[in-house]
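Report on the following structure.
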Amino acid sequence: MILQTAVLSILLCSVQSFTLQASFEKSDESSGDTIEEDDFSVSTLIEKANANLGKNPGDPLVMFGDIAVPTDLGNADPCTNDKEENCMWPKASDGNVYVPYLISNQYSPKNRKTIIRGLKSFARSTCIRFIPSKGQEDFLYIRSDNGCYSYLGRQGGNQTVSLDIPGCIHRNIIQHELLHALGFEHEHSRSDRDQHVQILWKNIEDGEEIQFEKVETRNLGTPYDYNSVMQYGRKFFSKNRKPTIVPIPNPNVPIGKATKMSPNDILRVNRLYSCNQTASQSDVESVQRNQFL
């Protein structure tokens, strides 16, 4: 009996030791986000889908992960080079902003339905109305073109939004690329980002440092939002599985986890396009309260 008790005690101690060791190992993984847990973040999905982008003739020049650059501009942000209204989609007399689109026949009925749901999601809370193209000069051409990417703001003419099959057919990716097409940058590129996130340059893949440059953004009086669908995950372009983007002052705040537009994303659309709709003030205050928890 004494021998059985001793053996049981040894086994319990071994289990406890293993559990504690596993806990320490997990807590040492730089704020808890493992690659596996991050598989469906916007940045992970985009990074995987865009792995071969730029390797084929005819691929667009893409900066900041998924923003296509017009070949005659050489700059990822034409909205800051010109009058702001020149890169915005025009507002109709009824107060709505109608953005024509054409969806390629590359997509299956199921994928097409998912894309259309993403397009329609803007109408529920903003004045943006994505409508099927009927010969308009400026329109979005949604197609599967070797990755997830979009041009920034209204470019004029036939404007590609690439949603590759199957890697980009997710609600958060669809909304993310459409927000680019409406004129919005990434959250971690905001002009005030250094007050809210730290970029760990030493962990970034060699040659990819340009993906983390700041730009002059229109923040529209809204706070930095870790829950924005435009916020990339903490291991974006990491060369060693360690974080490249860390929230401050609390490094444990989850980032890059959005599965859909946040209240702040919606508020920014409404403010940029002077929509009558607004995200509820309680939603916005909730975002602000939870930013640094």
Given (1) at pLDDT 95 or above; (2) under 27 Å from A51 (Cα atoms); (3) of a type in the set (S, T, N, Q); (4) open to solvent by 10 Å² or more (accessible area, probe 1.4 Å), index of the condition Q155 fails: (1)
Candidate set from segment 87-128 (those that are under 20 Å from the mean Cα position of the chain (by Cα) and among the small types (G, A, S)); member that is surrounded by the fewest Cβ atoms within 10 Å (Cβ to Cβ): A123
Residues of segment 121-178 classified as of a type in the set (V, I, T), out of contact with any Lys or Arg (no Cβ under 9 Å at 6 or more places or on another chain) and part of a strand (DSSP E or B), total: 3
Yes/no for Y149 being out of contact with any helix residue (DSSP H, G or I) (no Cβ under 6 Å at 6 or more places or on another chain), of a type in the set (S, T, Y), in contact (Cβ under 8 Å) with a residue 24 or more places away in the chain and open to solvent by 40 Å² or more (accessible area, probe 1.4 Å): no
Some residue of segment 168-180 being open to solvent by 40 Å² or more (accessible area, probe 1.4 Å) and free of Cβ contacts under 8 Å to residues at least 40 places away in the same chain: no
So E208, is it on the phi < 0 side of the Ramachandran plot and open to solvent by 60 Å² or more (accessible area, probe 1.4 Å): no
Residues of segment 182-200 classified as hydrophobic (A, V, I, L, M, F, W, C) and either buried (at least 21 other Cβ atoms within 10 Å of the Cβ) or part of a helix (DSSP H, G or I) (or both), total: 3
Pair list, Cβ < 8 Å and 6+ apart or interchain, from segment 243-265 residues that are of a type in the set (D, E, K, R) to residues that are open to solvent by 50 Å² or more (accessible area, probe 1.4 Å): K257/N227; K260/R171
Segment 129-146, residues that are open to solvent by 10 Å² or more (accessible area, probe 1.4 Å), within 21 Å of L53 (Cα to Cα) and not polar (S, T, N, Q): Y141, R143, D145
Looking only at segment 256-289, and only at residues there that are open to solvent by 70 Å² or more (accessible area, probe 1.4 Å) and outside any loop (DSSP other than H, G, I, E, B), the one that is modelled with the highest pLDDT: R271
Filtered residues of segment 112-137 (kept if within 16 Å of H176 (Cα to Cα) and either of a type in the set (D, E) or in contact with a Cys (Cβ under 7 Å, 6 or more places away or on another chain) (or both)): T126
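The values are calculated or read from the model by the stated rules, or taken from the named source; none is laboratory data. Everything numeric here is computed off the predicted structure, so don't read it as measured data. Because the Cβ atoms are built from the backbone with ideal geometry, glycine has one as well, and the counts that use them run over all protein chains shown. Accessible surface is based on the protein model in full, side chains and every heavy atom, while ligands, DNA and RNA are left aside. Shrake-Rupley method; radii C 1.70, N 1.55, O 1.52, S 1.80 Å.
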